[in-house]
Structure formats: structure tokens, C-alpha cells
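Everything below concerns the one structure shown next.
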Amino acid sequence: MILCLTGILAAMTLTAQTIQVHGHRGARAMRPENTLPAFEYAIQAGADVLELDLAVTSDNVLVVSHDSSINPKLCEGPGKPRPIHQMTLVELRQWDCGGKRNPSFPMQQTVPGTRIPTLDEVLALAPRGNFHFNIETKIDPSRPELAPPPAEFARLLAGAIEKHHLRSRVIVQSFDFRTLREMKKLLPDVRLSALYQTGLKDFLAIARESGAGIVSPHYSLVTPSRVAEAHAAGLQIVPWTANTPSQWDKLIAAKADAIITDDPAALIAYLKEKGLR
């Protein structure tokens, strides 16, 4: 069932004119991605939502990582990089994922000694503001060995959301719609977002297939007519990942509900210049 747009906006306590800013992996342009320093930077910048990714260790701990395996371009530690789902939390904590600068982001400041955080550690930031969390389940049906089954993944995430009393402040997103359907069974009031990249289907079809009230397409797929059609059906459109003024202008003109960006501070400043914040 497609969620009512009015209900979604009320839950976010934002006006219809507001364009939300989602800090992608916290603030990847400025701090090591998916780390506590990145999320703290995004909070201080005034991001409306912290966007993050989830993996699961071999001892069933939810940890915040975009990559299903240790990424040697971003992290350094003992031995060869392995899939996170084959490592215990203790083993994972031996890797430093803050000491290397991502070469794609020359403004990024390293924070040596930074470890991959647990989801509990990130959700514990909630009292620092009224921001929300956009949490992606990293799961691939073609690589089942890299994550728990969808129902188990959803169960672990639902438990963390309930533990921190954050139902109204969490969005669960995924390219793999199986976890979205499982989450709806467990916590039907938690907002769901369907990530989308190929452009072969319209946004309404993606919403029907996923059961989500939010469609999160690659920014290049967003047009005014597609957004208008989605809004008429009660959907929100939250594009990813736009980092330049020309990309932002396109999404603003299309009336996107939010923009996911690697540099939330820069986007917030740009929106203020436009009188949109």
C-alpha cells in the first residue's frame, strides 16, 4: 500500500516547501564515510537526515558499512580484507577506517583510529537533535553469503529501532525489496524507501513492487513530470547522490522532497541562498 504523503510529512514535522537534506554516509565529502565523525559533522551542519548503510558481522552485530567486505582503499588492519559477515565484531574493530583519505573527496579530513561503528552507536546520537536516520540494508540476492536472510536482517534492524525508541525517526531503504517487505511485517509504521538505479520502470511501479512510500532514484532519473506523477500518488521522491549546484538546481526545479548528498553543509548553504531553508 502506498503511504499517504500528508502522513509522511507530518511524521517528519517539515513543511511542504522544505527540501530535506540527507547526509550521505554522514558527510563523505568531509569525513571518513559511515563513521561517527562523519555523522557528527552532518549533525553539526544541520542535516535533516543521516543516511547510512548496514552490514552484519558473523556474531550478528549490525555495523555501519557500505561495503560488504573491508575496503582496503578506505581501511587498514591485520591480514587480508574479508567479508564483514565472516568477521566477529572484535575482529572488525581491529581495522582503522579513518586514517585514509578517499581520493574522490580531496576536502575530506582523515580521523586516524576511527573504527566501523555499530548501529547502536550511531542511533545513540539521536538525543543530539531532531534529525532522522535513513538506514540501508546492504543485501544482494545473488550473494546470500554476505548478509543474513532478509527476514533475519529485518528482525535485527527492527530490534535496534525498538531498542532506541526511534520508529518515528527512521526510514529503512534498500535496493533489495525483500527486506522492505519483511520490515513492513515487523514495524508497519516505519517508513520505507525503495532505492532505484536503472530507469526501466516508473516510480509508481517501483513503489507498488516494494511496498514503499518513498522512492529513492538516482538523481539523473528525476524529472518534473515523474515527480509530479509520484506526488499525485502520495509518494515522496528522495534522489541520490547529488553533489553539485547544477544537480541540485535540477532536483529543486523538479520539486524533489529531499536530496541525498555527500556534502550536507554545502547543500544547506545553497538552499539558504535560494530561500528554501
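Considering the conditions (1) within 14 Å of residue 133 (Cβ to Cβ); (2) surrounded by fewer than 21 Cβ atoms within 10 Å (Cβ to Cβ); (3) hydrophobic (A, V, I, L, M, F, W, C), residue 45 is excluded by exactly one of them, (1). None of 263, 202, 257, 189 is at pLDDT 95 or above and out of contact with any strand residue (DSSP E or B) (no Cβ under 9 Å at 6 or more places or on another chain) except 189.
Hey, can you tell me all the residues within the range 253-277 that are among the hydrophobic types (A, V, I, L, M, F, W, C) and either outside any helix (DSSP H, G or I) or closer than 15 Å to residue 131 by Cβ (or both)?
Selection gives 254, 256, 258, 259, 260, 265, 267, 268, 276.
All of 246, 216 fail the test of being at negative phi and free of Cβ contacts under 8 Å to residues at least 24 places away in the same chain, apart from 246. Within the range 252-277, residues that are at positive phi reach partners that are assigned to a helix (DSSP H, G or I) and of a type in the set (Gly, Ala, Ser) with beta carbons closer than 9 Å, at six or more positions or on different chains, in the pairs 255/228. Checked against (1) farther than 27 Å from residue 102 by Cβ; (2) in contact with a helix residue (DSSP H, G or I) (Cβ under 9 Å, 6 or more places away or on another chain); (3) surrounded by fewer than 18 Cβ atoms within 10 Å (Cβ to Cβ), residue 150 meets all criteria but (3).
Listed here are the residues, each with its yes/no results for (1) touching a strand residue (DSSP E or B) at 6+ places or on another chain (Cβ under 7 Å); (2) within 22 Å of residue 241 (Cα to Cα); (3) touching a residue at least 24 places away in the same chain (Cβ under 8 Å).
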site	(1), (2), (3)
57	yes, no, yes
76	yes, no, yes
90	no, no, no
102	no, yes, yes
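Within the range 94-136, the set of residues being in a loop (DSSP other than H, G, I, E, B), surrounded by 13 or more Cβ atoms within 10 Å (Cβ to Cβ) and out of contact with any Lys or Arg (no Cβ under 9 Å at 6 or more places or on another chain) comprises 99, 101, 117, 124, 125, 129.
For (1) over 19 Å from the mean Cα position of the chain (by Cα); (2) at positive phi; (3) in contact (Cβ under 8 Å) with a residue 12 or more places away in the chain, each residue gets a yes or a no:
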| residue | (1), (2), (3) |
| --- | --- |
| 98 | yes, no, yes |
| 128 | no, no, yes |
| 144 | yes, no, no |
| 163 | yes, no, yes |
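Does residue 270 qualify as being among the hydroxyl-bearing types (Ser, Thr, Tyr) and within 20 Å of the chain's Cα centre (by Cα)? Answer is no for this residue.
Can you tell me which residue among 91, 51 is within 21 Å of residue 163 (Cβ to Cβ) and either buried (at least 20 other Cβ atoms within 10 Å of the Cβ) or out of contact with any Pro (no Cβ under 7 Å at 6 or more places or on another chain) (or both)? Among 91, 51, only 51 is within 21 Å of residue 163 (Cβ to Cβ) and either buried (at least 20 other Cβ atoms within 10 Å of the Cβ) or out of contact with any Pro (no Cβ under 7 Å at 6 or more places or on another chain) (or both). As for the range 248-264, it holds no residue that is over 29 Å from residue 105 (Cβ atoms) and either surrounded by 18 or more Cβ atoms within 10 Å (Cβ to Cβ) or of a type outside the set (D, E, K, R) (or both). In the set (1) farther than 22 Å from residue 136 by Cα; (2) out of contact with any Gly (no Cβ under 9 Å at 6 or more places or on another chain), residue 268 fails one condition alone, (2).
The values are calculated or read from the model by the stated rules, or taken from the named source; none is laboratory data. Note that the coordinates shown come from a computational prediction; the quantities given were computed from them, not determined experimentally. When we count neighbours, we look across all protein chains shown, and the Cβ atoms used for this are built from the backbone with ideal geometry, even at glycine.
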